[in-house]
Structure formats: structure tokens, C-alpha cells
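Novice: First, the structure itself, so that you have it in front of you.
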């Protein structure tokens, strides 16, 4: 099932070119907390699955093209990310790399991206106005957690996966000796984490560790890999993170980017496509206003 958040944080099931609005299946109190609808749905999925499976009869049909797709989950408590999780990516940034000595996500662990950096398939990737810095694309499979998980061994980790989405980890690169900000900040500008176009539930993705992962800039293929090339797989990532902090329903794990990382700029279009999940294209623009602390 493809579950989307759209317009004013409504919830729907996507079927072809149609979205079936299922917001009425959720409790009315969530109208006061609309950004939490996906988290609530995920955490109560066992009792709501059958109702959502009947979306053709109970959901209001809308043309998919008529709605604005928001982040697949607009309000996760955490957005975790795996650095250096494809061997061919490690070292490709040369002097701009912050991963040294051939270390991978297995040694480095994870970092965090701000949930406020999320944007949906119907949004725009915004760069700081007037910036002369380099901004890069990173194409990643996102994992959505299904329920609370603490100290989960990898043998049971996949039981805690609700579904999958596409994620672009946009990044402002360091300039050695000039500007070397922390990784989490450089990746947390507003709109720097496109997540979408929807969540595909885990039952529809039999082999998440064997999916084609591609990204284009202005129609030119820049990244082309397979999730089978990940150093640390999904189950081990869940084990690693849950050994440090409790994962909550709706949390997002960005599983790392393959080789081919490169720059994009205002005026470009960036498209990501992951097999069995979907695709989305976002325009890149500058922010309208210059920030008081420019980058």
C-alpha cells in the first residue's frame, strides 16, 4: 500500500493516478495535531490496516495531480542518517570528505538531520540566497519505523519496519580551512531532506536490500546503484541505532548514499527514483530572503 500525506496534512492511499482520502478513518482529535497523523497511523496500523485496505470503498477519490504531496511523514520524532554506507562513495569527495581512514557507517554510527528540514514531492529544494558554497545531492532509501524499538537485535529488526520511501540528503559541503561546520547543520537547512513521494508498506517490498537507486540532475543520470551495495544493511542499522536511543513509530532512517554524489544549483531539477518505491522531481531555487547569517 502507498500511503501519502498531502495538502493540509491529510492522509490518503495512492492507487495509480488517484489518491483516496482516508483522513476520516483517523480520530478527530488529530485535527489539532495534523502533522502527527502519519505517526499515529503507523503506531496503530495493526487495527487500521483492514480499514485502509478498503480504501476504494471508503476513501474520497482525488486526482493525484490535483494535490500537493507533503513529506511522506511530515512529523517524525527523529531523522537518523547513515554516513559512508557504500564503499564506492567513501573518499569520492576528496578534500571535502569528513570520513577518513576508510571508516564506514559500521564504525561511525549515525548522525541526525533536523525534522524541520523535510519537504515533500510537491515542494521545492531551497538554497541559501546568494551563497557561493557547493551543495550536493545524495540519493537514499528511507526506512520508516513501525513501533517503539530499543536494543533490538538485527535478527528481529525487520519486524520494526513499517515501510520505505525515497530520500534526498541535500548537503552543503565544507571548505577545508575556511568553513567546516558540523555535518548535521550542513544537512539541515529547511527543505534539505526531500522525503516521498509516499510510504510504501513493507509487505510490498520483499527485498529492500536489492533495489535500484537512481538520481538525475536536469535529466542527466548522476547516481545509479543498488541497495545490495550497502555496507550496513537495514537490520543492522536498526540494531545500531536502537542500541543508543529508542526508535519511535514514524521515525525515519536514511540508509546512506552510493557513489556519484555531486553538485546542484538554483535553476536545476533533481529527480530520485527507487525501484518499487516511486520517484519524485523537485525544482531547485534560492530562498527569497537572505538569512541574517549567510552561508
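Novice: Would you confirm, using the coordinates I've provided, whether residue 56 is out of contact with any strand residue (DSSP E or B) (no Cβ under 6 Å at 6 or more places or on another chain), touching a residue at least 12 places away in the same chain (Cβ under 8 Å) and under 21 Å from residue 250 (Cα atoms)?
Specialist: no
Novice: Filter region 151-167 down to residues that are out of contact with any strand residue (DSSP E or B) (no Cβ under 6 Å at 6 or more places or on another chain), touching a residue at least 60 places away in the same chain (Cβ under 8 Å) and in a helix (DSSP H, G or I) and give me whichever is farthest from residue 227 (Cα to Cα).
Specialist: My answer is 155.
Novice: Of all residues in region 243-287, which are farther than 17 Å from residue 143 by Cα, touching a strand residue (DSSP E or B) at 6+ places or on another chain (Cβ under 9 Å) and part of a loop (DSSP other than H, G, I, E, B)?
Specialist: Passing the criteria: 259, 260, 261, 264, 265, 266, 267, 268, 287.
Novice: Does any residue of region 7-30 turn out to be crowded, with 17+ Cβ neighbours inside 10 Å, part of a helix (DSSP H, G or I) and out of contact with any strand residue (DSSP E or B) (no Cβ under 6 Å at 6 or more places or on another chain)?
Specialist: For region 7-30, residues crowded, with 17+ Cβ neighbours inside 10 Å, part of a helix (DSSP H, G or I) and out of contact with any strand residue (DSSP E or B) (no Cβ under 6 Å at 6 or more places or on another chain): present.
Novice: Next up: For the list (1) at pLDDT 95 or above; (2) surrounded by 16 or more Cβ atoms within 10 Å (Cβ to Cβ), I need the number of the one condition that residue 174 fails.
Specialist: (1)
Novice: What is the one condition in (1) part of a helix (DSSP H, G or I); (2) out of contact with any strand residue (DSSP E or B) (no Cβ under 7 Å at 6 or more places or on another chain) that residue 103 does not satisfy?
Specialist: (1)
The values are calculated or read from the model by the stated rules, or taken from the named source; none is laboratory data. Since this is a predicted model, take the numbers as computed values, not measurements. Here the Cβ is made from the backbone with ideal geometry for all residues, glycine too, and neighbour counts use every protein chain on show.
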